[in-house]
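**Student:** Can you read through this structure? Questions will come right after.
The values are calculated or read from the model by the stated rules, or taken from the named source; none is laboratory data. Given the structure is predicted, the values throughout are model-derived calculations rather than measurements. Neighbour counts run over all protein chains shown; Cβ positions are idealised from the backbone, glycine included.
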Amino acid sequence: MEAAVPDAADLPDVLLDLGVAHEDVNELVALRPRVTDDPGTLALLERCVGAVVRDMGTVGGSPRFPAPPDGADLLGRCFSVYVYVAALPYTRAYHRGLGVPEDVSRRTLADLGRHMAVHRRRYGSCGIHAVSWLGLHFHGELYQLGRLQYQRAALGGRSGEGIAAAGVPLKTGDPCLSLHIPDFRGPLSPEACDRSLLLAEEFFARHYPAERYEIAVCHSWLLDAQLRRYLRPDSNLVRFQERFRTAWENREPDDRVPVGFVFGDPDLPVETLPRRTSVERAVGDHLRAGGHWYGGHGWFPLSWSGTPAGGPLVDGA
């Protein structure tokens, strides 16, 4: 698989188009020769690009590719950036072949820069820690459409069983759209979500007409029903939860996830968590009171009306 990294003159523009912050560009350009001038590293790059673009567009989850040369130094932290930069021509060709609008393609792939911003917020350095996740974007499985991201997916076992038990004529393995809520995208307002769903209706009908999506699922700490104890009923987060019914429930807590998403670092001591916003107060106060967070797994039928008739996240709530 041919894997070419743009030269030092062109690489900055490519990185900026992918949403990479200006403060990271010079480091990535300076690091480029360690990738392109070393035969072993270049061969690894080619193998990784092949793993990302093989069977382009086939639904299968995040592509897995070999580990970077060394996870401890700058090359280890940033190697996946060069993988996705080298995969970019293949992804764009796939998007063009489907007629995906340029702005949708650009905003989808700019999630690379957002993940670098998340890494810098957490670790204070240039890099990406959610390495394989971005494979969904570059493999043609996930698209940014307004406020939300939509992953072409298949119903998992527990979700499929829960949805079938609710009387929906779907089963494990049937197509679904998995919703994701990226950070740094403004408020999660009902209006923004409604607009995103309308964009998704048009997008998938036009560009994937052979795929029928009847249901949306979401697996997120944002769907933990305990948040309702702390937030106003008319808050954006509670109103987002109200779109969903429960597919299944976690039995084991995972406090690191909400701490990581809300405060930027999952390892922050609970007693030091700030209380600047209602969500920060909810997450931190609950933990300080001895509680735990479990997340949630929700679903709603895709009526494409902009206001899905999903019912409450917790029955009777």
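**Student:** Would you call R121 at pLDDT 95 or above and either closer than 21 Å to V53 by Cβ or surrounded by fewer than 18 Cβ atoms within 10 Å (Cβ to Cβ) (or both)? Can you show your working first?
**Tutor:** Details: at pLDDT 95 or above: no; either closer than 21 Å to V53 by Cβ or surrounded by fewer than 18 Cβ atoms within 10 Å (Cβ to Cβ) (or both): yes.
No; evaluated as a whole, the condition is false for this residue.
**Student:** Test G113 against the criterion of being touching a Phe, Trp or Tyr at 6+ places or on another chain (Cβ under 6 Å) and within 28 Å of C48 (Cβ to Cβ), and give yes or no.
**Tutor:** no
**Student:** Can you tell me how many residues within the stretch 22-44 are more than 21 Å from G113 (Cβ to Cβ) and among the β-branched types (V, I, T)?
**Tutor:** Adding up the residues that qualify gives 2.
**Student:** One residue is enough: does the stretch 166-177 have a residue meeting the conditions of a type outside the set (V, I, T) and buried (at least 21 other Cβ atoms within 10 Å of the Cβ)?
**Tutor:** Quick first cut of the stretch 166-177, residues of a type outside the set (V, I, T) only: 166-167, 169-171, 173-177.
Adding the requirement that they be buried (at least 21 other Cβ atoms within 10 Å of the Cβ) leaves 176-177.
Taking every residue of the stretch 166-177 in turn, at least one turns out to be of a type outside the set (V, I, T) and buried (at least 21 other Cβ atoms within 10 Å of the Cβ).
**Student:** Name every residue in the stretch 18-77 that is basic (K, R) and assigned to a loop (DSSP other than H, G, I, E, B), in order of residue number.
**Tutor:** R54, R64, listed by residue number.
**Student:** So, in the stretch 206-241, exactly how many residues are in contact (Cβ under 8 Å) with a residue 60 or more places away in the chain, acidic (D, E) and in contact with a helix residue (DSSP H, G or I) (Cβ under 9 Å, 6 or more places away or on another chain)?
**Tutor:** The number of residues fulfilling the criteria is 1.
**Student:** Can you find, within the stretch 103-131, the residue that is nearest to H180 (Cα to Cα) among those that are among the β-branched types (V, I, T) and touching a strand residue (DSSP E or B) at 6+ places or on another chain (Cβ under 8 Å)?
**Tutor:** So, considering only residues that are among the β-branched types (V, I, T) and touching a strand residue (DSSP E or B) at 6+ places or on another chain (Cβ under 8 Å), the one nearest to H180 (Cα to Cα) is T108.
**Student:** Give me a count of the residues in the stretch 178-208 that are under 14 Å from R152 (Cβ atoms), of a type in the set (G, A, S) and assigned to a helix (DSSP H, G or I).
**Tutor:** The number of residues fulfilling the criteria is 2.
**Student:** Here is a further query. Could you tell me how many of the residues in the stretch 5-26 are surrounded by 14 or more Cβ atoms within 10 Å (Cβ to Cβ) and either over 23 Å from the mean Cα position of the chain (by Cα) or not β-branched (V, I, T) (or both)?
**Tutor:** 11
**Student:** Across the stretch 101-117, what is the total count of residues that are buried (at least 19 other Cβ atoms within 10 Å of the Cβ) and either without any contact (Cβ under 8 Å) to a residue 40 or more places away in the chain or of a type in the set (V, I, T) (or both)?
**Tutor:** Here the count works out to 3.
**Student:** Six or more apart or on different chains, Cβ under 6 Å: which pairs go from a residue in the stretch 129-149 that's assigned by TED's automatic domain parsing to the domain that holds P190 and part of a helix (DSSP H, G or I) to one that's surrounded by 24 or more Cβ atoms within 10 Å (Cβ to Cβ) and at pLDDT below 95? Could you list them?
**Tutor:** none
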